[in-house]
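Here the structure is laid out as structure tokens; the discussion comes afterwards.
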Amino acid sequence: MVNHRYWIGLIGKNGAGKSTVARYLMSRHFQMVSLSSVVRAYAVEHQLSQDRASLIQTANALKMTYGMDYFARCCVDHVSENYAKYVVFDSIRHLKEMAYLKSFHVEFWGIDAPIELRYQRVQLRQDDTDFVDFETFKKQEEFESSGQSVGQSLNEVFNACDFFIQNTGEKQALHHCIDAKLKQHASALID
């Protein structure tokens, strides 16, 4: 069998389980690359606030300056320089990012769960951007999902995915779903 690369893009709202899927794929020899790492690095370099609202504002400004696919281009350049064969991309939030990644044959997985469950998850993980009440969480989600934020339109991106996972159960069930999908790409399944 010809050995080829397998690049996956994860799409989902806050708390859907993208990071859990990414970590599991990393255990299967995938390299994880987050498009948001580009804006976070910029914020650190320029000593900007890293709360969710500030990062979104910075990301939108960068996208307006360099193009809506700027973060995707930066990340593809990075993995291409390293000849990465198995890659999982995270933090894809705009159709132009998706289109750019699709030009490299990235397969998109949509990860979803009910909003109440996602909110419980973000409260448990307690990242810097997670300390919000449920009403704020819902408002942030609406802003990011509906296209109100110039650089983000999660609903459109999610609906354009190639494969969907309802992440409502235990991790073992999620891992089983991922393994079943990977088995469809025998060259990507590395034991």
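Please treat every number below as a calculation from the coordinates, not as lab data. None of the values given here were measured: they were computed from a predicted structure. Neighbour counts are summed over all protein chains in view; Cβ atoms, including those assigned to glycine, are modelled from backbone coordinates with ideal geometry.
Values computed for the structure shown
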| read-out | value |
| --- | --- |
| Amide H contacts of Gly12 (H built 1.01 Å from N, under 5 Å, at least 5 apart or other chain) | Ile111 |
| By average C-beta atoms within 10 angstrom, highest first, the peptides 10-17, 42-49 | 10-17, 42-49 |
| Per-residue ³J(HN,Hα) for the range 176-184, Karplus 6.51 cos²θ - 1.76 cosθ + 1.60, θ = phi - 60°, Hz, x for Gly and Pro | 4, 4, 5, 4, 4, 5, 5, 5, 5 |
| Volume in Å³ per residue [convex hull over Cα atoms, computed for the chain] | 116 Å³ |
| Amide H within-cut-off set for Glu107, under 5 Å, with H built and near neighbours excluded | Trp7, Ile8, Gly9 |
| Using a Förster distance of 45 Å, the FRET efficiency for Asp133-Ala180 (Cβ separation, nearest 0.05) | 0.75 |
| Listed residues Val122, Ala59, Ser37: farthest to the positive end of the dipole of the chain (Cβ charges) | Ser37 |
| Point-charge dipole on Cβ atoms (K/R +1, D/E -1) for the chain, about Cα centre, debye to 20 | 400 debye |
| The chain - mean residue ellipticity at 222 nm from DSSP helices (-39,500 (n - 2.57) per run, n ≥ 4, rounded to 500) | -15500 deg cm²/dmol |
| Most mobile listed residue (Ala41, Ala61, Ala22) in the chain, GNM with C-alpha springs under 10 Å | Ala41 |
| Table column - 3J(HN,Hα) (Hz), the range 107-122, Karplus curve with 6.51, -1.76, 1.60, x for Gly and Pro | 9, 9, 10, x, 10, 9, 6, x, 4, 5, 5, 5, 5, 4, 5, 5 |
| Lysines with Cα under 30 Å of Lys138, excluding same-chain neighbours fewer than 8 positions away | Lys13, Lys18, Lys63, Lys96, Lys102, Lys171 |
| Relative contact order %, the chain, counting alpha carbon pairs below 8 Å whose residues are six or more apart | 34 percent |
| At R0 = 25 Å, FRET efficiency that the Cβ-Cβ distance of Asn155 and Glu116 yields, to 0.05 | 0.85 |
| Candidates Gln140, Gln152, Gln120: whichever shows maximal mean-square fluctuation once the chain is modelled as a Gaussian network with Cα springs under 10 Å | Gln120 |
| Residues of type aspartates and glutamates that Lys183 reaches as a straight line, Cα spacing below 18 Å, ignoring anything fewer than 8 places off in the same chain | Glu107, Asp162, Asp191 |
